1. I need every pair where a residue in segment 262-275 that is free of Cβ contacts under 8 Å to residues at least 12 places away in the same chain has its Cβ under 9 Å from the Cβ of a residue that is outside any helix (DSSP H, G or I), sequence separation at least 6 or different chains.
2. Assess whether I461 counts as being touching a residue at least 12 places away in the same chain (Cβ under 8 Å), closer than 26 Å to P359 by Cα and of a type in the set (V, I, T).
3. Pairs under 9 Å by beta carbon, first residue surrounded by 13 or more Cβ atoms within 10 Å (Cβ to Cβ) in segment 305-316, partner among the small types (G, A, S) and assigned to a helix (DSSP H, G or I), six or more apart or different chains?
4. With I530, I487, I441 as the choices, which residue is of a type in the set (A, V, I, L, M, F, W, C), at pLDDT below 95, part of a helix (DSSP H, G or I) and under 42 Å from the mean Cα position of the chain (by Cα)?
5. Could you tell me whether segment 296-303 includes any residue that is open to solvent by less than 10 Å² (accessible area, probe 1.4 Å), farther than 26 Å from N165 by Cα and without any contact (Cβ under 8 Å) to a residue 40 or more places away in the chain?
6. Run Y223 past the list (1) farther than 21 Å from M161 by Cβ; (2) outside any helix (DSSP H, G or I); (3) aromatic (F, W, Y) and report the number of the one that doesn't hold.
7. Residues being within 21 Å of D374 (Cβ to Cβ), of a type in the set (D, E) and open to solvent by less than 70 Å² (accessible area, probe 1.4 Å): count how many of those fall in segment 414-465.
8. Select from segment 348-389 the residues that are among the β-branched types (V, I, T) and open to solvent by 50 Å² or more (accessible area, probe 1.4 Å) and write down the one among them that is farthest from V313 (Cα to Cα).
Amino acid sequence: MLKQILSKLPRKSSKTAENREHGGHRAIYSNVSTGSRSSDVGTTKAGNSTITSLPSSNSVSDLGQKHINRVHLGANLKQNGNSGFSAYEALPEFREVPNSEKQNLFIKKLHLCCFVFDCTDPTKNLKEKEIKRQTLLELLDYVTSANGKFQETVMQEAIKMVSANLFRAFNPQPRENKVINGFDMEEEEPSMDPAWPHLQIVYEFLLRFVASPETDAKLAKRYIDQSFILKLLDLFDTDDPRQREYLKTTLHRIYGKFMVHRPFIRKAINNIFFQFIFETEKQNGIAELLEILGSIINGFALPLKEEHEVFLVRALIPLHKPRCLAMYHLPLSYCITQFVEKDCKLADTVIRGLLKYWPITNSSKEVMFLNELDEVLEATQQPEFQRFMVPLFRQIARCLNSSHFQVAERALFLWNNDHIENLITQNRTVILPIIFPALEINARNHWNQAVHNLTMNVRKIFHDLDPELFKECLLKLEEDESKEDKIKAKRAATWSRLENFAAQKTASDEALPVSCKEPRTYSVSEFHMIVLP
């Protein structure tokens, strides 16, 4: 009787039965190390974020679909204000699945990495962030070692993952106070993105995906389209120099691989320059964009298209105008020089453009202009040099007399270049009369000894080269100085007569009674009799 009663009581279900009821054994995941936050790309740690046991009864596709559902669940928890990500778990490694399932697993890992964590708080979701970082490294290794053409679905999902991680809002620091008076931006500590441990791998993934021979440009251009390129260009305004370096390399690879996008990329960069020059004067990535253009210009075919020459005149030359020229002058100078080396006839256009934007009160900027002038003249030939030498050496004469010793010194260094010295020598009859007064003034009373010594060396070059011309210029200078002294003496005498006449008039007016004092007006002829001797 007792056995019959006990047999009717409900039995406690065993763990084995419970597991069978839920469809088999659950995958056991190893603990993820959160102590190491290395940002090195391409290295994975054995045992981190990997599955230690995988049941054979479950297919990879089923496991991946269940995992994606758990990821969406975690995203919903996040949106509802819950910071717990217990459902965010890693997927199996590629080596643990057959080749037929690797592409499906690749897509599922891309889905996993589409979730973006808040990295402003380094203490939140450490395990989940490390899972994502390790998964990104696995994706990077897969793209690097791929030996078959990527399907269109893979390309679409890869660009979707990249877009989700990279294209986000950021607020660049205001730069108004950083560029005044030639402030050196290299001395300012750049703002680093806290999400860099993930972003670096995503940037590297995009770079290798674009450069991979398994990426068919005809298919990929549907997803790496003009909209994607514009968003990529917007990222150049980031304060983080590490991101700008990756963007520079990636955009250059896109330009090289997708020929259909080349005109659009050049036009988009052109528009960024226009906005920077004429509107904001605030853009962090001008230097990197110019570095890309330097390589592009180097590959231009001859004769140059009208489009390229218009770009030189309307975009590159006006880039000398902003106050923050020091931030990007080196790549800008390289681009300008590349144009002159491609077509020496453009030297006249470039030099006159430099003279148009020549700084007046900024000495450090003036030194940069002289450095660029040296490089441009190095690529200039005699016929083009003769077109602009008169206005150019009028400006150089002003630089020779600059009270800032670096400006005067850099102008005198032009004679250290053999090619430039040869151009000057062949046109000395025009150039020496222009700069001779400046040389003489420096030789007589310039305060800096180095400038004085360099001036004496240049004078000696002209004296030894053409003594007769040197003597003519010296006599002309003495005549001009004599005339100037006479003009100054005449001006001083005129002012003296005016002062004496005013004093006499004041004395005579004070002697008269008040009732007799009336304002006196003078005709032009009477005024000339007073002023002129």
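The values are calculated or read from the model by the stated rules, or taken from the named source; none is laboratory data. Keep in mind it's a predicted model, so treat the numbers as computed, not measured. For neighbour counting, all protein chains shown are included, and Cβ atoms are generated from backbone atoms with ideal geometry for every residue, glycine included. SASA here: full protein model, heavy atoms, side chains in, ligands and nucleic acids out. Shrake-Rupley method; radii C 1.70, N 1.55, O 1.52, S 1.80 Å.
1. Pairs that qualify, where the first residue is free of Cβ contacts under 8 Å to residues at least 12 places away in the same chain and the partner is outside any helix (DSSP H, G or I), are Q275/Q283.
2. Judged against the criteria, I461 is not a match.
3. Partner pairs satisfying both residue conditions: L312/G353; V313/G353; L316/G353.
4. Of the residues listed, the single one that is of a type in the set (A, V, I, L, M, F, W, C), at pLDDT below 95, part of a helix (DSSP H, G or I) and under 42 Å from the mean Cα position of the chain (by Cα) is I441.
5. Among the residues of segment 296-303, not one is open to solvent by less than 10 Å² (accessible area, probe 1.4 Å), farther than 26 Å from N165 by Cα and without any contact (Cβ under 8 Å) to a residue 40 or more places away in the chain, which makes the answer no.
6. (1)
7. Of the residues in segment 414-465, 1 are within 21 Å of D374 (Cβ to Cβ), of a type in the set (D, E) and open to solvent by less than 70 Å² (accessible area, probe 1.4 Å).
8. Once the filter is applied, the top-ranked residue is T361.
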